[in-house]
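Reading through the structure tokens given below for one structure.
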Amino acid sequence: MNVGIGLPNTKHDITGEIMVTWARKADEGPFTSLGVLDRMVYQSTEPLMTLAAVAGVTQRVRLAATIIAAPLRNTVLLAKQAATLDLLSGGRLVLGVALGARREDYEAVGAQYRGRARRFNEQLLTLRTFWEDHTAVGPRPVQSGGPPLLVGGMSDQTFARVARYADGYIHGGGPPRAFARAAQRARAAWEDAGRPGTPMLWGMAYFAFGKEAVEASRQYLLDYYAFTGPFARRIAEGLLTTPQAVRQFIRGYADAGCDELILFPGVSDPEQLDRLADILEG
Amino acid sequence: MRITVIGGGPAGLYAALLLKKRYRDWHIEVYERNPAGATYGWGVVFSDRTLGELREADYTSYTEITDNFVIWDTIDVWYRGQLTRCRGHVFAGIARRKLLAILQARCRELGVLLHFEAEIEDPTQFISSADVLIAADGVNSVVRSTFAEVFRPSMVLGTARYIWLGTDKVLDAFTFIFRETEHGLFQVHAYPFDGNTSTFIVECSEDTWRHAGLDQADEAESLAFCQQLFSDHLGEHRLLSNRSRWIRFITLRNRTWHYENMVLLGDAAHTAHFSIGSGTKLAMEDAIVLANAFEEHGDDLEAVFDEYESLRKPKVEAFQQAAVESQTYFEHVRRYLHMEPVQFTFHLLTRSGRMSFDNLRLRDPTFINAVEHSCASDDGKLSAALFVPPPLLTPVRLGPTQLPNRLVLALSPDVGARDGVLPEAFVSHVLDGAHRAPALLLFPPVAVSAEGRMTPECPGLYRPEHRDAWATLMEQVHASTSARVIAHLSHAGRRGATRPRRHGLDLPLPPEAQWPLLAPSPLPYTPMSPTPRAMDRQEMEQVREAFVRAARLAAEAGVDVLQINMAHGYLLASFLSPLTNRREDEYGGPLENRMRYPLEVFQAVRAVWPEERPLGVTLTVSDQEPEGFTPEEAVTVGRELKMLGCDFIQVAVGQTTPHTRPAYGPAFLKVYSDLIRNEVHIPTVCGGYLTTADHVNTLVAAGRADLCIVSLEDYP
């Protein structure tokens, strides 16, 4: 299993310099990918633009949109942005997409909340044709057939989408047990659809080391996930705060068949990345 | 803090005492509409796991409850007058009256105020007078119905009738009795709960209930009827009634379990069918979690209730899911009356999916030994052999052919054929698969014509050179292994002319590479798919003849087993489904018409396919969409196919349109296989992500499937 690291693109104190430092360090470190989160109504940076900014200062790591709410975006523009990012990064883009649960995000961009599931299906169906066919809307992505497309979510419909439209599944976070159950649903759907091989399986989690960082991260998680109601506390409790917790978590995900686990920082201090790198290399 | 509890059942009393124990200065009152000593249930059951939680929550009441427990470890199943026994389960029973007395005494000891015969008609008075209103007032909760637009309750009524009786016969096991009568089947769920009495629930279908005249019977007549019906089991013992009447079970769910200062507990929030016991267990667990949440969040009610609901709701919903499966089993148990006693019992024990072959082997090796001996014999009676193989390695008959085991290996869907010709790499993949020693190797769909291909890389059986390549392949497989090969004949219909599935399903080929598509009606599969042509009679004959030609070529090539695709929205399946068949001729409309063409194709193939080789069908059992093809229709089609000489059915669901979304997960097709096998009485092949030997053993031993599909991806 590969381990990637998330960029702090939803932290209030982010600057261009901090972001670029994270990206450089990640590229030099043991990480295989850089993740970004997506939120419209929040003090966060736009995920695809953030990835574009860090594409220029990295050579090696994959750039993973984890996870963007696709129906908030125009499909053709999204296809073009993704193809552009794939081209400019030399074929390093992974595109994770989901419905997005927050009505306020839809209202903010003037997108219809109702009927979003059907629109999402249509987007998934069309994205690929822009990348695979040589339509008038370019550019051609570097990766054959376009960047790998991962679908996130937890409903029965999610897993049907993974099998029907995507290259894999991206889980939204939780203990290894929860990931394993979701992974089985994705594999069951994949097999039933007669897709060759197995779906790519990606997971994510949050980490923070040191008393202050842990406390600040918990506050951040309670705030960022306030829209989930009681689950914000669950998510905050799931924060990985010790080397042992990180190692056990990684082992649990690897055993459950995860291909790539992205660990997101709870605070934006790049020193957190160094500490995580030490654990992974240790 | 002032806490008002409405309802003095186990949930309400237990919540009151747990809170009072921790917060001695809180003012806690319980309102119960019945008198102190009255209760209308008999006994309640607990499983061993619950007990630890009770012990931690309140040791005093725990000791008293367990002192009064009747404990047993056996499930007895009386069926066809014969007893089959399975041990190793832990159950504990207690009289409901005793349980309530213990909880009431403990409440009083701690200083909870109990009001009996206090009927609350308007709970709104407590919203302002109390800080917290705990609604533990049962399935007919007044609080919940007063705020129904907030809690949004959904109630699903079961189809069976049951009556909750007691008996003075002391049982020593959880006892199921199945009794066939001239009116229909009756079943009993009975268990002990104190030293003198047992609960005795009698259940039957609505039809049976009416036929037996029980809809007209009063309490005494119903009691006499049951006493008479089970006189051989009861002997000199008597059935007892306590305001008992024939009712239908209500499965209750609520959108939310709390509102402002109100919170729902126990049956007021959720019910789960009695056949997996027990509402009381769930109710008391609710109370424990609520009390813990108060401890964690103090008087922040929003946080307390959020914590309670977020912890309990997923657990209760999982339990309700298992309960629904168990309830469905009992509502359809007549379907399984053809089974021999051991298999019948194994099927019953594994009904809700919570117990498997391996679980039961740990609990009762003797019982599983009997299950294995039953699977290993031809007639379901017990084999005389000392040792027998596990169910998945037992032989099975598929029409004229005896197969050595129950495993069907699904070959990779990534064939990479050119013009229908199998490439070298795939031939070696088939041979590798054959060496893994499955009974059968299942090909991905093989096109009966170039136009019938899903993708340009589909294998085909429509040209002499295809036959020759298959003949060579069959020789190679047969020369070195005993595996048999299934050619799965298919016409893609409106799902044709798509790209290979590396990046997704049903992505149309670029326009210049497409070929014209055929379907019953001119409806494109996705908004991007080309529109198919509605088939005329001549085209229908041509496609039928293509199936016949493919069957002939397969027979000549020495293919062992042939299977015709009527699933997943391909051509023949799209005739079956009303979603895709809008024809107005004799091939559209009612099921009789929709199935006409698929059956004609089947008959034509049967006529040319050698009698000594099995012929089967892959059949969609449910579209899983509103207005779609239903399981009942699938049973009808299955029966027709069987009459026409079909030897087996592989079950499938969904994909009729791109909008279906089955509940994917391990063994997700098992209920459909169970339905077809036991309603149509035809061997079934079941896939649906079976990844362990335990899955296969459990399905085969229970008679839910005859053969199981496994994939090399899961057994690398």
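Taken together, the values in this text are just the output of simple stated rules run on the coordinates, not laboratory data. None of the values given here were measured: they were computed from a predicted structure. We place every Cβ from the backbone using ideal geometry, glycine too, and count neighbours over all the protein chains shown.
Inter-chain Cβ neighbour count for A:120-129, averaged per residue, equals 3 (cutoff 10 Å, partner chain atoms only). Please work out the FRET efficiency for the pair B:Val427 and B:Thr66, using the Cβ-Cβ distance as r and a Förster radius of 51 Å; give the result to the nearest 0.05. About 0.20, to the nearest 0.05.
What does the charge count around B:Arg453 come to, taking other residues whose C-beta lies under 14 Å from its C-beta (Lys +1, Arg +1, Asp -1, Glu -1)?
Numbers: positive: B:Arg418, B:Arg463, B:Arg494, B:Arg495, B:Arg499, B:Arg501; negative: B:Asp419, B:Glu451, B:Glu457, B:Asp506.
So the surrounding residues net to +2.
Computed from the alpha carbon positions, the gyration tensor of chain A leads to an equivalent ellipsoid with semi-axes of 27, 21, 20 Å, biggest first.
Close amide H pairs (under 5 Å, H built 1.01 Å from N) link A:Gly4 with A:Thr32, A:Ser33, A:Leu261, A:Ile262, A:Leu263, residues at least 5 positions away or on another chain.
Per-residue Cβ neighbour counts within 10 Å put B:Leu690, A:Leu88 in the sequence A:Leu88, B:Leu690, beginning with the fewest.
Consider a paramagnetic label point 7 Å from the Cα of B:Leu712 along Cα→Cβ; state which residues of the range A:189-224 have an amide N under 12 Å from it. In the range A:189-224, the label zone of B:Leu712 (backbone N under 12 Å from the point 7 Å along Cα→Cβ) covers A:197. Ordered by the count of other Cβ atoms within 10 Å of each Cβ, fewest first, B:Met155, B:Met339 give B:Met155, B:Met339.
How many percent of DSSP beta bridges within the protein assembly as shown run antiparallel, rounded to 5?
35
If you take every residue apart from B:Lys21 with its C-beta less than 10 Å away from the C-beta of B:Lys21, what net charge results, scoring Lys and Arg +1 and Asp and Glu -1? Net charge around B:Lys21: +2.
Cross-linked pairs B:Lys21/B:Lys98; A:Lys11/B:Lys313; A:Lys211/B:Lys315; B:Lys21/B:Lys315: Cα-Cα separations exceed 24 Å for A:Lys11/B:Lys313; A:Lys211/B:Lys315; B:Lys21/B:Lys315. Bridging of B:Lys381 to aspartates and glutamates at a Cα separation below 13 Å is possible for B:Glu340, B:Glu372, once same-chain residues fewer than 8 apart are set aside. Over the range A:162-282, the alpha carbon radius of gyration divided by the compact-protein estimate 2.2 N^0.38 Å works out to 1.16.
Estimated purely from DSSP H runs of n ≥ 4, each contributing -39500 (n - 2.57), the mean residue ellipticity at 222 nm for chain B is -11000 deg cm²/dmol once divided by its residues. Note on the range B:1-126: semi-axes of the ellipsoid equivalent to its C-alpha gyration tensor, largest first and rounded to whole Å, are 33, 18, 11. As a rough footprinting exposure proxy, the listed residues B:Trp515, B:Trp72, B:Trp470 were ranked by other beta carbons within 10 Å of their own, and the order from fewest upward is B:Trp515, B:Trp72, B:Trp470. Protection proxy ranking for B:209-220, B:23-34, B:131-142, using the average of other Cβ atoms within 10 Å per residue and placing the highest first: B:131-142, B:23-34, B:209-220. Net charge in the neighbourhood of B:Ile94 (other residues with Cβ under 11 Å of its Cβ; Lys, Arg +1, Asp, Glu -1) is 0. When only alpha carbons are used to place a centre, the range A:186-211 and the range B:702-716 end up 23 Å from one another. Mean partner shielding of peptide B:499-510, defined as the number of other chain Cβ atoms within 10 Å of each residue Cβ, is 6.
Membrane-span-like helices in chain B, defined purely by DSSP H runs whose alpha carbon atoms cover 24 Å or more axially and whose average Kyte-Doolittle hydropathy reaches -1.0, are B:279-297, B:301-331, B:464-480, B:537-557. Label point of B:Ala479 set 7 angstrom out along Cα-Cβ; within the range B:434-460, amide nitrogens under 20 Å from it belong to B:434-438, B:441.
Count the DSSP beta bridges whose two residues both fall in chain A, then state the antiparallel fraction as a percent rounded to the nearest 5.
Here the antiparallel bridges make up roughly 0 percent for chain A.
When DSSP beta bridges are limited to those with both residues in the range B:62-202, what percentage is antiparallel, rounded to the nearest 5?
On the way: 25 of 29 bridges.
So the antiparallel bridges amount to about 85 percent of the total.
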